[in-house]
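Here the structure is laid out as C-alpha cells; the discussion comes afterwards.
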Amino acid sequence: MRPTTTRRAHRLTGLALFCAGFAAGPVDAQTLPPSLIVVLVVDQMRADTIERYSDQWTSGLRRLLDEGAVFREAKHSYFGTLTCAGHATIATGTVPRTHGMILDGWWDPMAGQRVRCTADDTVEIVAYGPGARERHGPARMLVPTLADELRLQNDPPAQVAAFAVKARAAVPLAGRRGDAVAWFDAGNVWTTSTAFTDAPLPFIANYIRAQPVEDALGLVWTPLHGSSATTSTKGGDFAYTLAAEPGREFYNAWRRSPWADEYVTGLAIASVDALALGAGSGTDYLAVGFSAPDYVGHDFGPHSAEVQDIYLRLDRAIGRLLDHLDRNVGHDRYVVALSADHGLGPTPKHATEMGLDAGRIDRREVIDHVNAVLEPFFGPGKHAVGMTHIEFYFALGVYDRLLASPEALSAVLEALEQYPGIHRVYRGEELETGPFGDRVTQQVARSYYPERSGDLVIIPKPYWYTWVRAADHGTGYDYDARVPLVIAGPGIIPGHYSTAAAPEDLAPTLAFLAGVTLARPDGLVLTDALSDRNRP
C-alpha cells in the first residue's frame, strides 16, 4: 500500500478548476472519460470497519483499498443519516437540504401519515412475479442524479442500471430514468415501476427464473472458512438456518443474509452483459446497493461477529463483480467508487455497560408528553401528531398558534429539552438562514428542507436513538457520519488521504472524470486524487 497522503487536497468546483488552469493539481483536461462508472453503496458501513476487518479481506474490498484513493476522514456533512438520504446524497452530489430526500420519509400533514421517500402513486408496478405491493419512483427527488446527467449530456446517452434489495436505495441511485432498475418488493418479489420501464426486462426475468431467491430455502449461514467470527454475538454457535418454506420468515431472513448481497451482485453482472455496459463510445453507469449489512447491523450491532462475516462475504461479492468488469469492460476502462449511506452506533445496552449515557427515546411518549404540555394552553387534543427520527410535527395550524403564543412555545421547548436523551431542539425557521456557528447546527441545517422537515427538529444526545432495534443510526455523530470513501480506476492516484472529504464529493468527482457537469452540487471535485496518467 502507498503511504498516507498528507498534503491538502484541492477541492474545487468545475468552474474554479477551469479558471485555475488546472494548476492546483495534476489533472489533465485530455484524460479519457471512463467507459463505465460503477457506484457501490454499502448500506451501513462505519469508517473504522477498515481498521477492524480489512486484514481478512482478500478480494474486492481489498483491491479497492490497495488500488484506490482512500479518504480516511470522509464523513457525511448532515445530521439525518438514513438510507434514502445517504443514497440520494451519493447519487446527486448534494445534501438533503438540496435534494429533498430527508431521512427515509417524512410526515404528510394533509394525509395525516408518514410518507416514504420513494413512494409514488403516479407510477404502476412492473413486477417479476406475483405479489408486488408497493409503487416506487424518483418523483420526490428535487435535483438530477449523476446518472441523469450522463444520460442528458452524453451522445449517445449513457445506459443506466441500478439494483438493491431496498427501493429507497435503488431508486435514488438510478435517478429519473434507467435502462435496468430493480428492487425486492415488500411482497417478496423483484420489482420495478413504470418510472423506468413499461414491461419486465427479459434479461432480469431470465436471471430471476434461472436463479430464484427461493434457491436459498433451508440454507445455513455459517462463518466463512478463515473468519475469526466463529461465535454468535448472541451466544452459541454462529449458524442461522433460513426457513425451508417460502413465507415471511424466509424472506425476512434472506434479506438479512449474505445471499441477498450476492443476488444483487449477480443482477449487476447480468446487466453488464445484457446491456453491454462500458462497450459504447460514451460513459455508462452501474450502481449497486448492498443492503444486508444494514439489516444485520441493526440486529446484532456494529462490531458483531455477524457484521464481520457479512463484510468478509461482501469482499468476495465485490471481487466477483470487479473480475467480471475486468474481463468484459477492461481493467483500465472503468472507474469504481465505494461509500456508505451511514454508519451505526453501538447498542444502548453495550454503551451503558461501558459506562456511557445511552438509551432510547420513545417517539410515541414524546408526542404524548408534548400534547400534555399543550393541554393547559390549547385544551385536550392531538396537537402533536408525528415524529420521524429527528423531525417533529404538529397538526395543521398548531405551530402557527405556538408562534403566536410565546408562553406555550417556551413550555414545549423547555419540556423537550429536559426530556431524557434529548440534547437540543431547533425550531424549523431557525434552520432556514445562516451562517451557523457550531458543527451540529450546520449538520442539522444541511438536513433541513422546509416543505418536508418537522416544525421542530429534535437532536438526541450521543448514544441515544429514537428507534427500537438493537442498534441504530440517524444522527450526525461520528459513529453514524464517518464512512469509507474510495475511488479507483484510470485517472485516480492510489493512496490513503487524510484530507477532508464527504460522500457528496463522489458525484462531482465522477462527473469531472466523465466530462459532464452537475446542475448545482454541494459536493466538490476531489482533485488531489486525480492524475493525468490516462491521457492518450
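A short reminder: the numbers here are calculations on the coordinates, not readings from a lab. Being a predicted model, the structure only gives us computed values, none of them experimental. All Cβ positions, glycine included, derive from the backbone under ideal geometry; neighbour counts span all protein chains shown.
Helix 406-417 and the longest principal axis of the C-alpha atoms of the chain enclose an angle of approximately 60°. Per-residue Karplus couplings for region 170-176, computed as 6.51 cos²θ - 1.76 cosθ + 1.60 with θ equal to phi - 60°, are listed in order as 5, 5, x, 5, 7, x, 5 Hz, Gly and Pro entered as x.
Evaluated with a Cβ-only charge set (Lys, Arg +1; Asp, Glu -1), region 282-384 carries a dipole of roughly 180 debye about its Cα centre, given to the nearest 20. Using all pairs of distinct alpha-carbon atoms, the Kirkwood hydrodynamic radius of region 432-504 works out to 15.4 angstrom. When peptides 102-113, 447-458 are ranked by their average number of other Cβ atoms within 10 Å per residue, the highest-first order is 447-458, 102-113. Between residue 239 and residue 198, the distance separating the two model label sites (each 7 Å from Cα on the Cα→Cβ line) works out to 5.3 nm. Here region 464-497 and region 406-423 have alpha carbon centers that stand 32 Å from each other. Think of the chain as having a plus end and a minus end, set by charges on the Cβ of Lys, Arg, Asp and Glu; of 352, 394, 318, 318 sits farthest toward the positive end of this dipole. Pairs of Lys residues in the chain that lie 8 or more places apart, or on two chains, and have C-alpha atoms under 30 angstrom apart add up to 10. Measuring nothing but alpha carbons in region 293-349 and taking Rh as the Kirkwood radius, the Rg to Rh ratio lands at 1.13. Each of 403, 125, 109 was placed along the dipole of the chain (beta-carbon charges, centred on the mean Cα), and the one lying farthest toward the positive end is 125.
If you take the alpha carbon atoms of region 57-136 and fit the smallest convex hull around them, that volume is 182 Å³ per residue.
Counting only Cα atoms, region 325-408 measures 70, 38, 19 Å along its principal axes, largest extent leading. Compared with the rule-of-thumb size 2.2 N^0.38 Å for a compact globular protein, the chain has a Cα radius of gyration ratio of 0.96. Comparing 93, 412, 295 along the charge dipole axis of the chain, the residue lying farthest to the positive side is 93, per the Cβ-charge model.
Can you compute the label reach from residue 436? Point 7 Å from Cα along the Cβ direction, backbone N cut-off under 15 Å, restricted to region 472-504. Counting backbone N atoms under 15 Å from the label point, the list is 475-478, 481. The antiparallel fraction among DSSP beta bridges confined to the chain stands at about 55%. For region 209-321, the C-alpha radius of gyration divided by 2.2 N^0.38 Å, with N the number of residues, is 1.19. One decimal place: the segment residue 155-residue 418 gains 88.8 nm when fully extended, by the rule 0.36 nm per residue minus the C-alpha distance.
Kirkwood analysis of the Cα pair distances in region 252-297 returns a hydrodynamic radius of 11.9 Å. Between residue 427 and residue 139, the modelled label-to-label distance comes to 3.4 nm, taking each label 7 Å out from Cα in the direction of the beta carbon. Identify the residues of region 396-426 with backbone N under 13 Å of a label point that sits 7 angstrom from the Cα of residue 382 along the Cα-to-Cβ direction, or state none. Backbone N within reach: 396.
When the helices of the chain are scored as -39500 (n - 2.57) per DSSP H run of n ≥ 4 and the total is divided over every residue, the value at 222 nm lands at -9500 deg cm²/dmol.
Ranked by the mean number of other Cβ atoms within 10 Å of their residues, highest first, the peptides 117-129, 202-214, 144-156 fall in the order 144-156, 117-129, 202-214.
For region 97-158, the calculated P(r) over all alpha carbon pairs, in 10 Å bins from 0 to the bin holding the longest distance, is 18, 36, 33, 12, 1 percent.
Based on the Stokes-Einstein relation at 4 °C and a viscosity of 1.567 mPa s, and on the Kirkwood radius from alpha carbon pairs, region 365-459 is assigned a translational diffusion coefficient of 95 µm²/s. Pull out a ≥ b ≥ c, the square roots of the eigenvalues of the alpha-carbon gyration tensor of region 254-384, then state rounded if a/c is under 1.5, prolate if not and a/b is larger than b/c, and oblate in the remaining case. Judged from the Cα gyration tensor, region 254-384 comes out prolate (a/c at least 1.5, a/b above b/c).
Label positions at residue 186 and residue 108, each projected 7 Å from the Cα along the C-beta direction, are separated by 1.3 nm.
With respect to the chain, whose longest principal axis is taken over its alpha-carbon atoms, helix 258-274 is tilted by about 50°.
Here region 189-292 is assigned +1 on the Cβ of each Lys and Arg and -1 on the Cβ of each Asp and Glu. Its dipole about the Cα centre then comes out at about 240 debye.
How would you order 70-77, 171-178, 387-394 from highest to lowest mean count of nearby Cβ atoms within 10 Å?
171-178, 387-394, 70-77
Scaling the Cα radius of gyration of region 201-258 by the globular reference 2.2 N^0.38 Å produces a ratio of 1.39.
Per residue, the Cα convex hull of region 69-214 amounts to 149 Å³.
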